[in-house]
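Working notes for the structure below.
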Amino acid sequence: MMYLPEKPNMERWAEMPFIVQMANIGSEVGRTFKWKRKGNENMAKGAFVRALDLFDLTIAVGRISEPFSLRGSMLKEEIRARDQFCEEYLSEDNDALLLSDKYFSHFAKACALRSSL
């Protein structure tokens, strides 16, 4: 049986900076990759669904606080990353998720640097 947590809180999520949202998505992407490589489909599927929830929430809240000129670009990037993640997850290659894991690791590093300043 797969455990799925409650849906994230939209108001709280909307208050987070984009970089923090992406780092949180990256945590679930990394878990998905880890469990898929280990062959634990239930855990991989749970992390995959949680990542999709966070992707969808990020897309839904939009980038209202960002300058209008950046909103479209950020939304395109988010949708492109979500599509790539889904494609990699559905791949027969257990290492396919490495690309998304590397991509999101940059957000985690940037988030860590940001909080240390």
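The values are calculated or read from the model by the stated rules, or taken from the named source; none is laboratory data. Here the structure is a predicted model, which is why all the values come from computation and not from measurement. All Cβ positions, glycine included, derive from the backbone under ideal geometry; neighbour counts span all protein chains shown.
Overview of results
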{"read-out": "In segment 71-117, the residues that are more than 20 Å from Lys38 (Cα to Cα) and among the acidic types (Asp, Glu)", "value": "Glu77, Glu78, Asp83"}
{"read-out": "Spans of helices (runs of 4 or more DSSP H) in segment 6-117 with at least 1 residues at pLDDT below 90 and exposed (fewer than 13 other Cβ atoms within 10 Å of the Cβ)", "value": "10-15, 41-61, 68-90, 98-116"}
